[in-house]
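What follows is a short report on a single structure.
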Amino acid sequence: MSSHGENSYYIPHGSYWPIFMSVSLTTLLVGFSLLLNEVPVGQIMMFVGLAMTLFFMFQWFRTVVLESEHGTYNEQVDLSFRWGMFWFIFSEVMFFAAFFGALYYARILSVPWIGGAGSELTTNTQLWAGFESMWPTNGPAELGGDYKIMGAWGLPAINTALLLTSGVTLTIAHHGLLENHRKPLIWGLVATILLGVLFMACQALEYYEAYAHLNLKLSTGVYGSTFFMLTGFHGMHVTIGAIMLTVILFRVLRGHFTPEQHFGFEAVAWYWHFVDVVWLGLFIFVYWL
Amino acid sequence: MKKLISRTVQLSAVVLVALLLTTQFAAAEYGLNMPKGVTQISNEVYRLHMLIFWICVAIAVVVYGAMFWSMMFHRKSRGFKAATFHHSTLVEIVWTVIPFIILIAMAIPAAKTLIAMESTGSSDMTVKITGYQWKWRYEYLDGDAKGVSFFSSLSTPLEQINGDADRNQNPNYLLEVDNALVLPTGKKIRFLLTSSDVIHAWWIPDFAVKKDAVPGFINEMWTVIDTPGVYRGQCAELCGKDHGFMPIVVIAKDEPEYTAWLSQQSDAAIQQAKIELE
Amino acid sequence: MSTATVDDHHDEHPGFFKRWITTTNHKDIGTLYLLFSLLMFFVGGAMAMVIRAELYIPGLQWVEPGFFNSMTTMHALIMIFGAVMPAFTGLANWLIPMMVGGCDMALPRLNNWSFWILPFAFTMLLSTLFMPGGAPAGGWTMYPPLVLQTGNAFPFVIFSIHLMGISSIMGSINVVATILNMRAPGMTLLKMPLFVWTWLITAYLLIATMPVLAGAVTMLLTDKYFATSFFSAAGGGDPVMFQHIFWFFGHPEVYILILPAFGIVSHIIPTFARKPLFGYSSMVYATASIAFLSFIVWAHHMFTVGMPLVGELFFMFSTMLIAVPTGVKVFNWIATMWRGSMTFETPMLFAVGFVIMFTLGGFSGLMLAIAPADFQYHDTYFVVAHFHYVLVPGAVFAIMAAGYFWLPKWTGHMYNETLGKWHFWLSTIFVNLTFFPMHFVGLAGMPRRIPDYSLQFTEFNTMASIGSFGFGLSQLLFAFIVFQTIRGGKKATDQVWEGAEGLEWTLPSPPPAHTFDVPPVIK
Ligand code: HEA
Ligand code: HEA
Ligand code: CUA
Ligand SMILES: [Cu+2]
């Protein structure tokens, strides 16, 4: 029963990683909940849960990578992984869609209504007299007080350039892999990671600017809410992407991947491009227009 | 014999379903159906409701009829041999197109009624309604009644609710308030609806008026009441623990009685309301 | 010719715990899902019994209004996310690999994880019953600002929904990968059994909408704890915005709860009519059309929020359109029965009951779609009647039909036919006694989500309560039959049913652990 033939099905043996993952995630989330309820142990529990989650995730992936390197997987498994990654990214797209939806709704509907557009005039005269519809806004109650807008053509434009370039360097690396040229592969990856880290640094700087000098905060009405939630979740995804790229770099250095079989590399590349595209949406709709 | 029994059972099942469907109509007078109401709109809505209902009944008769026929006669126990057909483009097209046409026939009157409901043209008076956890506030915004404003909350005694007193003698159990909203008949009344905390919904079935009271926003609706009377409704959006206990009562009076009521609202009351407003 | 490679040298005979906790076998995981779902059905049902007991007569008898609302909320969340969805996923696990001629699911370890998230998620959700401030009581729709008044339970609810979302998404990814990648040679897409087709489309709906729900509840969380103002006008947001995002998920969700049921019924009716399914390809297209339309009808749940007229018209028309493909399905089932050679074993009884009563629920759905009339129906028991007809004698009956239909295949034993028939007739009588009167009280003006009502509604509520106790007790019979069948009974043949067709019936009953070691070749 253990012929690893070309056309054979492959079923992995039982594994403890899934149940460990569930336990850790639950610890993390219960900890966070307790923290939000101001129960003291919450914080510790949350960090323990986080550490556990990361550790078991790492172990799980390690197992898979090891199996892959032992040639346990065949083309069919490879294809299953591909479909899996593709639909996972699709689900991420829909996650961002919810927040983009909130942004459009606020800009196109709720803010104009509060400002008295169309048949909603009475909303303005009865409840929010004096408020004029505009974007960005922190709402008629001016939540969070006076603030300044995050311009598009400073750091955000630089960030756009960084991410777009990183897309190119990653493609160079991919070509290197396909043509079995290790130099462009390795340096392409290194450049991509560096650009990603640079991006995160700029993003951190930008958040610092926003909080320290612009008085632009998460609590700055619906502008602050959409701004930080969208860029925040995006930043989180860049971070995850950069970590995954680093793992891929180490695997490349160890001689993993062949021009024929390199699902891990491609999956991370897709993910990175997805993060890239989301950023373009952000740049256009959050910063620019 | 066995066959006869099973057939009788099946027939009675058909009859039962038919009965269930028609009781809804037959018992219309006994509070089983949507009330016709006392406004032009509510009557239109009622007619629309009955129209769709009967269309559905008609479709149901055809669909269930074919099904029961086949279940009665096309069974193995009767030695019926299965046919082998499994496809017919023509039939498929027919039963795609016919429902589509039926739907269009429903959509036209529905759209007309909807447009009529949404036409908030010039009105004779405006009342602002604000939802609170768990009561309503009414403010008359213009005309002679301008400045009249009061809260309206449940007046059913707590003892009746928790069973310490007999509730069965109270025909308006849970549907009575301390201060009812008084409105004139024959006037186009515009309502401005909002909330001070969570979402509520203001609903009087007899007017076919239901809309959400959303905090921070004003929703508009209107009605013209044809007949004087007392009309009762309830909050229709979950708003917390006493959502079931914030009824709405409207007393519609014809012109002279309404004016009398207005003058009864002594200056003192108006004054009181004004102070409250501030 | 291919063979299966099973990397299980390490643990040939794992112990009980190890087997069920670490399993990567689709049948084990399917069983876990199904048992979990049965458990949750009873938990959610017990909550419904609390609701019905309180509504038995007017007045407050048993529970506080706040707790009543918690029961409503938890009942719905548990039934939808804990009972019906896991039941379908369990069926998918058991059946899809067998039906497409595969060996197992495409991503078995992920499969294990998808299941083993659920017990944790529901422990979190149920634990809120014991927290200060009580379990969530804002309805399963979780509308702000009301839901933001939830006490300590709030983050627990939000995170448990996140976990359920992760579970559903991972499960669906697995289903899609399995269907697209594990089919036996020759099994082209348009030769796939309908259960597989409906699940493919359901999985797509899940992957597209669960993340949106996750986003929506995340915004609730930040609105409550991190001072954002997505849903507050003071900051430029709008409580109604939540409703739009929620129902963008919520409406496709209701089709997630019914499409696999359509698939199940499309297997059972041809089997007992001994006649091929009528209009196979139109069934596939109808399913796809329903799925497509489900994304553009969401605001029919919000006709009363004060939408602009064009919005109301659009959502009314698009909603009505769904009757067309759904009708095609109903007609196809009837055409399959027409001139068949029918017998009425328990699965067939449930399937026929499904078609009749689901259609009834569909009709009331169509009435709700008529916006001006919905102003009268909205948030009354008429809506409650509608959705219980499509969910209980709809989705739940289909799941039970599937249980009776495939249980002999899974266990190798026949269930007790007499008891099965009793279960069907009791359930059918009581389910109608429970939910039919709700149409009447709804039309007469009884709002939903209230613990007490005015006297005019008494008789029908008492009827509904009696019906619901009867229905609940009848389900004990179901649990009994299932466990009896698992433990023993008459040996089932491989084909089990005279008219059964499909790859799963070519396997032994019960099938071997790894389904098709050698993929069958489909003509
Ligand atoms: C399995 C779940 C399921 C299914 C399948 C459906 C199916 C449908 N639903 Fe339902 N619905 C719910 C679950 C479901 N619903 C739930 C849970 C809620 C409440 C949520 C909450 O608020 O808590 C709800 C609420 C709900 C509302 C909101 C009511 C309100 O709150 O005011 C509306 C309004 O349009 C609606 C419409 C429909 C329609 C048009 C269909 C259609 O798909 C039905 C189509 C079927 C048929 C029409 C019958 C068969 C067709 C024929 C025989 C062809 C010929 C027929 C004609 C031409 C008429 N539903
Ligand atoms: C798949 C989904 C599903 C299912 C299966 C059910 C099943 C049932 N539902 Fe539910 N229900 C919803 C989904 C579902 N419901 C939703 C979405 C809502 C809206 C919530 C909201 O407003 O937010 C709702 C709301 C709802 C209400 C309205 C509450 C309100 O507005 O305040 C009522 C009231 O009667 C009700 C009743 C029932 C009953 C009697 C059953 C029965 O079918 C249950 C039968 C099962 C059992 C009873 C369990 C098995 C037996 C035992 C545990 C043995 C013990 C039995 C006895 C002691 C008798 N449901
Ligand atoms: Cu106010 Cu419900
Ligand atoms: Cu819907």
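Just so you know, all these numbers are worked out from the coordinates, no wet-lab data involved. Just so you know, these numbers come straight off a predicted model, no measurement behind them. A quick note on method: Cβ atoms are made from the backbone with ideal geometry, for glycine too, and the neighbour counts reach across all protein chains shown.
Quick rundown of the values:
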read-out	value
The stretch C:459-523: GluC sites (Glu not before Pro) falling in loop per DSSP and having at most 14 other Cβ within 10 Å	C:Glu498
Distant-in-sequence amide H partners of C:Gly59 (H built 1.01 Å from N, under 5 Å)	C:Tyr453
Estimated D of the stretch B:159-248 in µm² per second, where Rh is the Kirkwood radius over Cα pairs and Stokes-Einstein applies at 4 °C, 1.567 mPa s	89 µm²/s
Antiparallel content of DSSP bridges confined to the protein assembly as shown, in %, to 5	65 percent
For chain A: Kirkwood Rh in Å [reciprocal of mean 1/r, alpha carbons]	22.0 Å
Theoretical ellipticity at 222 nm over chain A - DSSP helices of four or more residues, -39500 (n - 2.57) apiece, nearest 500	-23000 deg cm²/dmol
For C:Met367, C:Met307, order by how many other beta-carbon atoms lie within 10 Å, fewest first	C:Met307, C:Met367
Residue range of chain A that is longest and free of GluC sites (Glu not before Pro) which are both DSSP loop and sparsely packed (at most 11 other C-beta within 10 Å)	A:39-178
Student exercise, chain A dipole from Lys, Arg, Asp, Glu Cβ charges, in Debye to nearest 20	360 debye
About the Cα centre, charge dipole magnitude for the stretch C:20-506 (Lys/Arg +1, Asp/Glu -1 at Cβ), debye	960 debye
Which of C:Arg487, B:Arg137, C:Arg183 has the fewest Cβ neighbours within 10 Å, and the rest in rising order	C:Arg487, B:Arg137, C:Arg183
Fraction of the pair-distance distribution of the stretch A:203-261 above 15 Å, Cα-Cα pairs, percent	62 percent
Restraint check, C:Lys191/C:Lys490; B:Lys128/C:Lys224; B:Lys112/C:Lys329; B:Lys76/C:Lys421; B:Lys128/B:Lys211, Cα-Cα greater than 21 Å	C:Lys191/C:Lys490; B:Lys128/C:Lys224; B:Lys112/C:Lys329
Residue-by-residue Karplus 3J(HN,Hα) for the stretch B:110-118, coefficients 6.51, -1.76, 1.60, Hz, glycine and proline x	4, 4, 4, 4, 4, 5, 4, 5, 8
Rounded to whole Hz, the Karplus (6.51, -1.76, 1.60) HN-Hα couplings of the stretch C:33-38, x for glycine and proline	4, 5, 5, 4, 5, 4
Cα point-scatterer Debye curve for the stretch A:124-214, base-10 log of I(q)/I(0) at q = 0.13, 0.17, 0.24, 0.26 Å⁻¹	-0.62, -0.80, -1.09, -1.17
Global geometry of the protein assembly as shown, whether rounded, prolate or oblate, following the gyration tensor of its Cα atoms and the 1.5 cut on a/c	oblate
Relative exposure of A:Ser225, C:Ser341, judged by other C-beta atoms within 10 Å (fewest first)	C:Ser341, A:Ser225
Karplus-derived HN-Hα couplings along the stretch A:219-228 (A = 6.51, B = -1.76, C = 1.60, θ = phi - 60°), whole Hz, x at Gly and Pro	8, 7, x, 6, 5, x, 4, 5, 4, 6
Options C:Phe440, C:Tyr415, C:Leu309, ranked by Cα towards positive dipole end of the stretch C:20-506, top entry (Cβ charges)	C:Tyr415
For B:Lys187, distant residues with modelled amide H under 5 Å away	B:Ile225
Inverse of mean 1/r across different Cα pairs in chain C, Kirkwood, Å	23.7 Å
Helical contribution to [θ] at 222 nm, DSSP H n ≥ 4, -39,500 (n - 2.57), averaged over chain C, rounded to 500	-21500 deg cm²/dmol
Distance (nanometres) between label positions extended 7 Å along Cα→Cβ at A:Val190 and C:Asp517	5.1 nm
Options B:His86, C:Phe457, C:Ile486, ranked by Cα towards positive dipole end of the protein assembly as shown, top entry (Cβ charges)	B:His86
Of A:Leu280, B:Thr259, C:Phe516, farthest towards positive along the dipole that unit charges on Lys, Arg, Asp, Glu beta carbons give the protein assembly as shown	C:Phe516
Translational diffusion of the stretch A:14-72, µm² s⁻¹ [Kirkwood Rh, Cα pairs; Stokes-Einstein; 4 °C; 1.567 mPa s]	106 µm²/s
Amide H within-cut-off set for B:Glu176, under 5 Å, with H built and near neighbours excluded	B:Ser155, B:Thr156
Low-density loop positions, chymotrypsin sites (Phe, Trp or Tyr not before Pro), the stretch B:197-238 - DSSP coil, at most 11 other Cβ in 10 Å	none
